[in-house]
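Just so you know, all these numbers are worked out from the coordinates, no wet-lab data involved. As the structure is a computational prediction, the values presented were derived from the model and not from experiment. Note: ideal-geometry Cβ built from the backbone for every residue, glycine included; neighbour counts use all protein chains shown.
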Amino acid sequence: MDIRALRYFVELVREKSFTRASEKLFVTQPTISKMIRNIEEELGQPLLNREGRRFTLTDSGQVLFNRAQTILAEMQQLEAELADLQSLQHGRLTLGIPPMVGHVYADLIRAYRTRYPKVELTLVEYGGRRIEQAVLEGELDLAITMLPTKEGGALSALELDQYPIRVVLPDQPRWHGEAPLRLESLQDEPFLLYTQAFTLSERLEQACQEAGFVPQVAARSSQWDFLTAMVRSGMGVAFLPEPVCNRLTPDGLVLRPLEPELSWRLGVIWPSERYLSRTAEAWLALCRTRQAPQ
């Protein structure tokens, strides 16, 4: 029994006339009669007591009429909800974003909310490595994180921006200047790093190994303002992306570039093999409008 047959039957009962039902449905009377016979044959029970051009409902016909109205109303609601999803009149998006990345993309998040105000947007703050796993496990629809990812082909990525990493040093005469510093020139300094949940820390430690030394890590924190407070106190040196450095008050700090430059590459990631919702596709489309030149 298909939905169209139910629709014909309900309309016939409501109009109490084959003629009026056919006019409303824009089909011929024989077409409606054939549909009704098909339903009766399928159910093995008569639906109508026919009396010339008039008819009344059998008990089976009354049951079907009552249930069919509910089914058709549910189908109409389903079609409306699917249409709303297609036009993003409602839906959900769960976006992962590391704590120090949020302020960089506040405008992008606001643009998405402005464009799709009825989409329920949930922001989840994790470090880079945890974010990758959360995307793979389906906890997050997609995420913004530091590239490249560790997961290779399991995750697709769209690069958005690239920023240099700056050395953040205490305001002491020996650090004054603007020339770039090489990592190996800092090997005797205590390092103040993000926690190991952050991809940036892993990249810095890899860069140190490539430069021929293992850094002396004095402390780790997930908060950039705490790291800079420790730098001001003279505990050691930190490494922060340029957008974070731009938010620092310069008192008690010296900022120097690195040589060779270490970049903070940011991009949006999503599962390569999993279905993406319309809300996630809309986020990617918005990201592509500001994609960094490759």
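Projecting the Cα atoms of 128, 192, 250 onto the charge dipole of the chain, computed from C-beta unit charges around the Cα centre, puts 128 farthest toward the positive end.
Which one of 49, 13, 38 is farthest out on the positive end of the charge dipole of the stretch 1-52, using unit charges on Cβ (Lys, Arg +1; Asp, Glu -1) and the Cα centre as origin? The listed residue farthest towards the positive side: 13.
Taking GluC sites (Glu not before Pro) across the stretch 104-157, the ones in a DSSP loop with at most 12 further Cβ atoms lying within 10 angstrom of their Cβ are 137. Other residues whose C-beta falls under 12 angstrom from the C-beta of residue 254 contribute a net charge of +1, scoring Lys and Arg +1 and Asp and Glu -1.
Taken about its Cα centre, the stretch 152-294 carries a charge dipole of about 420 debye when Lys and Arg each add +1 at the Cβ and Asp and Glu each add -1 at the Cβ.
Around the amide H of residue 155, modelled in the peptide plane, lie the amide H atoms of 272, all under 5 Å away and 5 or more residues distant in sequence or on another chain. With Cα atoms as the point set, the chain shows a radius of gyration and Dmax of 32.1, 108 Å.
Stretching the chain fully between residue 196 and residue 29 yields a gain of 52.7 nm (0.36 nm per residue, less the alpha carbon separation). Altogether, the Stokes-Einstein calculation at 37 °C and 0.692 mPa s, with the Kirkwood radius of the stretch 30-152 over Cα pairs as Rh, returns a diffusion coefficient of 169 µm²/s. Considering only the Cα atoms of the stretch 158-228, their convex hull presents on average a projected area of 6.0 nm².
Scaled against 2.2 N^0.38 Å for its residue count N, the alpha carbon radius of gyration of the stretch 174-294 is 1.29. A protection proxy built from the mean count of other Cβ atoms within 10 Å ranks the segments 51-63, 161-173, most packed first, as 161-173, 51-63. Annotation: amide H of residue 166 within the under-5 Å range of 240, 242, sequence separation 5 or more or interchain, hydrogens built in the peptide plane. Only lysines eight or more places from residue 34 in sequence, or on another chain, were considered; those with a Cα closer than 25 Å are 16, 24. Think of each Lys and Arg Cβ as +1 and each Asp and Glu Cβ as -1; about the Cα centre, that makes the dipole of the chain roughly 1300 debye. Taking Lys and Arg as +1 and Asp and Glu as -1, the other residues whose beta-carbon sits under 10 Å from that of residue 290 total -1. Assuming charge only on the beta carbon of Lys and Arg (+1) and of Asp and Glu (-1), the dipole of the stretch 220-294 about its Cα centre is about 200 debye to the nearest 20. Estimated from the Cβ-Cβ distance and a Förster radius of 22 angstrom, the FRET efficiency linking residue 79 and residue 120 is about 0.55.
Given q = 0.21 Å⁻¹, what are the Debye log10 I(q)/I(0) values for the stretch 200-263, with equal point scatterers placed on the Cα positions and solvent ignored? Debye curve over Cα of the stretch 200-263, log10 I(q)/I(0) at q = 0.21 Å⁻¹: -0.99.
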